[in-house]
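These notes concern the structure reproduced below.
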Amino acid sequence: MKVHAPSFFKDFRCTGSACGDNCCRMGWDIEIDDDTYNYYKSLDCGLCEHITSEDGEHYIKQENGQCPFLNEKGLCSVLLEHGAESISEICDQHPRFYQWFGGYKEAGTGLCCEESARQWLESAGNVRFCEFDTDEEDDDLKFDVELLGAVIKAREVLIGLLQGGLSLSQKMKALLIFGLNAQEFEYDDAANGFEALAGEFADCERVAALVNGLGAPSRDDIVSACRQVLDYLAGLDYMKQMLPDAIEQIRGRLGEIIGAAKGFDEAFPEAEGQLCAVAVYNVYRYFTECARGGEALPRLAMCALNVWFIRLWDIMMFVDGKFTFTAQIAAVKEFSKEVEYSDNVDAFYEDVYTDGRLCADNLAKIAEV
Ligand code: SF4
C-alpha cells in the first residue's frame, strides 16, 4: 500500500514522561479494541476492573482525571509490565490518524498532541509531504476514484495557496470563498466541480481579486463579528478549563486585542507562518473527507475559525508579555483537544449552516483581525 504523509510523520516520537500534557490525562475515554480487551481478560490480573463496556465497545475508565494505568512517572504500566504489543491500537497509534482509499492511505499526526503540534508549527511555510510503501493489504471500503483525484488536486492547490504569498487574512477568506463555491455543485458532479475550482484557485492573482472583492468591513463590524463567534464558542462544552478561560478573557479584552494585532505581527513575524501551518494541517486532514461525501464549507470554515481563535489568543499572550513558541504550541493543542477532537466539531459542521453567528459574512469579517 502507498502511504502519503507529512515528511516529518515518521520522525514523530511520543515524549512520554517529558510531555507537559500527557494524552492519558486529557479526560478522554480510551477505547480498547476487541483483541486487546480479550487479551486483558485472559491475563486475569485485574486490568478489566478498570474497563467498562457499552454497546459492545470497551473503554478504559478515567480515574482521578487520568488513565488508571499511568504510573507516577507518567508512563504506561501496562506497556511496562506486559510489553508494547499488549497496549490497545489507539494507545499504540495516538496521535496518528489515517484514511484509507483502496491501495492508497493518508497518514498524519494530530494537533491534540504537543509534540505533533511542535512538528507542524516548526514546518511553518514549508510543510512538505512524502510517499512510502507498506505491506498492508488494500482496504475494501468503496470510494469514487475520480472524485478522490479531484479532491486531492483541489487540496494541493489550497495547501499551495496557504503556503504562498497572500496575507493570512486573504488566505482564510479564500478558503471560505472556495467552500461557498463548492456548495454550488451537485454531489453527482462533484469531481468536475472540484477540478474546475482547483483550476480557478491555482491562479493566485485571481484569488487575490476575489478576496479583495469582498471589500473592507469597518472596525465596528469586525468587533461585532468577533463577539458573535466568541459567544458561539463560549456556549460549547469543554472538558477542562484552559480553553473556556481563554475565551472569556478574549471576550473581555477584545478591543485591546484587536488593537494590538499590528504590534504582535511586527514583534513576532514568524507567528503568521505558524498559523498557516495550522491551516495546512486542517486542510490536509479534513478536506479529503469530501471524497466520501463530506462538505467542503464546514471543514474550511472550521479551519478559518481555528486560525482566527489561536491568533486572538496569541495576541492576548503578546499583550501580557507571555507569547512564546511553547505558549503557541499549548494554545494550538488545547483548541485541537477541546474543539477538533470532541463532539464540538460535529456541532460546528451543522451550526455553520443554521447559526447566524457563524454565517460566511461573519467568518470573512473575523479573518480581518
Ligand atoms: S500528548 Fe503526544 S507527546 Fe504527550 S504523551 Fe500523548 S502522544 Fe506522547
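We did not get these values from a lab; they are worked out from the coordinates using the rules stated. These figures come from a predicted structure and were not determined experimentally. Methodologically, a virtual Cβ is constructed for each residue, glycine included, from the backbone with ideal geometry; neighbour enumeration extends over all protein chains shown.
About the Cα centre of region 95-175, what is the dipole size in debye to 20, counting +1 per Lys and Arg Cβ and -1 per Asp and Glu Cβ, all else neutral?
The dipole of region 95-175 has a size of about 780 debye.
Per residue of region 52-58, in order, report the coupling 6.51 cos²θ - 1.76 cosθ + 1.60 (Karplus, θ = phi - 60°) as ³J(HN,Hα) in whole Hz, putting x for Gly and Pro.
In residue order, the calculated couplings are 10, 10, 8, 6, x, 10, 10 Hz.
Please turn the phi angles of region 131-139 into ³J(HN,Hα) values with the Karplus equation 6.51 cos²θ - 1.76 cosθ + 1.60 (θ = phi - 60°), one per residue in order, whole Hz, x for glycine and proline.
Computed from phi, the couplings for region 131-139 are 10, 8, 9, 10, 8, 5, 6, 4, 8 Hz.
With the Cα gyration tensor of region 203-296 giving a ≥ b ≥ c as the square roots of its eigenvalues, does the rule (a/c under 1.5 for rounded; else a/b larger than b/c for prolate; else oblate) give rounded, prolate or oblate?
oblate
Name the residues whose placed amide hydrogens come within less than 5 Å of the amide hydrogen of residue 7, ignoring near sequence neighbours (fewer than 5 apart) on the same chain.
128, 129, 130
Taking the Cβ of each residue in 189, 265 as the centre, tally the other Cβ atoms inside 10 Å and list the residues starting with the fewest.
The most exposed by this proxy come first: 189, 265.
For the chain, with a Gaussian network of springs between Cα atoms less than 10 Å apart, report the residue from 12, 268, 132 with the top mean-square fluctuation.
132
Label residue 202 and residue 319 with points 7 Å out from Cα along Cα→Cβ: what is the distance between them in nm?
Calculated label separation equals 4.4 nm.
For residue 58, list long-range residues whose amide hydrogen, built 1.01 Å from N in the peptide plane, is under 5 Å from its own amide hydrogen.
Amide H neighbours of residue 58, under 5 Å, 5+ apart: 32.
Just to confirm a number: summing +1 for Lys and Arg and -1 for Asp and Glu over residues other than residue 84 whose beta-carbon lies under 14 angstrom from that of residue 84, what do you get?
Around residue 84, the surrounding residues sum to -3.
Residue-wise, which Karplus ³J(HN,Hα) couplings in Hz belong to region 103-110, taking 6.51 cos²θ - 1.76 cosθ + 1.60, θ = phi - 60°, and x for glycine or proline?
The phi angles translate into x, 10, 9, 10, 9, x, 10, x Hz.
Taking the 0 to 90 degree range and rounding to the nearest ten, how far is the long axis of helix 34-43 tilted relative to the main principal axis of the chain, both from C-alpha atoms?
That works out to roughly 30 degrees.
How do 52, 288 line up, fewest other C-beta atoms within 10 Å first?
Fewest to most other Cβ atoms nearby, the residues stand as 52, 288.
Treating the angle as unsigned and between 0 and 90°, give the value, to the nearest 10°, between the Cα long axis of helix 242-252 and the longest Cα principal axis of the chain.
Between helix and principal axis, roughly 20 degrees.
Under 5 Å between amide H atoms, partner at least 5 residues away or on a different chain: which partners does residue 236 have, H built in plane at 1.01 Å?
none
Sorting 316, 172 on the 10 Å Cβ count, fewest up front, what's the list?
Ascending number of Cβ neighbours within 10 Å: 316, 172.
Could you pull the Rg and Dmax for the chain, using just the Cα atoms, both in Å?
Reported Rg and Dmax, both Å: 21.3, 67.
Which angle between 0 and 90 degrees, to the nearest 10, do you get for helix 270-286 versus the longest principal axis of the chain when only C-alpha atoms count?
It is inclined by approximately 60 degrees.
Would you please classify the overall shape of region 87-209 from the alpha carbon gyration tensor, given that a ≥ b ≥ c denote the square roots of the eigenvalues, rounded means a/c under 1.5, and beyond that prolate means a/b larger than b/c while oblate covers the rest?
oblate
Do any GluC sites (Glu not before Pro) in region 176-266 lie in a loop, going by DSSP, with at most 16 other beta-carbon atoms within 10 Å of their beta carbon, and if so which?
In loop regions of region 176-266 (DSSP not H, G, I, E or B), the sparsely surrounded GluC sites (Glu not before Pro) are 184, 186.
Using only the Cα atoms of region 27-91, construct the convex hull and provide its projected area averaged over every direction, in square nanometres to one decimal.
4.3
Quick one: grab the alpha carbon gyration tensor of region 154-366, order the square roots of its eigenvalues as a ≥ b ≥ c, and give me rounded if a/c is under 1.5, else prolate or oblate depending on whether a/b is larger than b/c.
Here region 154-366 falls in the prolate category.
For every helix of n ≥ 4 consecutive DSSP H residues, a contribution of -39,500 (n - 2.57) applies; sum these over the chain, divide by its total residues, and give [θ] at 222 nm rounded to the nearest 500 deg cm²/dmol.
Helix contribution divided over all residues of the chain: -16000 deg cm²/dmol.
Build a GNM of the chain with springs between Cα atoms under 10 Å: which of 42, 169, 88 gets the top mean-square fluctuation?
So, out of 42, 169, 88, the one fluctuating most is 42.
Considering only C-alpha atoms, what is the centroid distance from region 1-53 to region 262-319, in Å?
28
Need the C-alpha centroid separation for region 116-149 versus region 196-221, integer Å.
28
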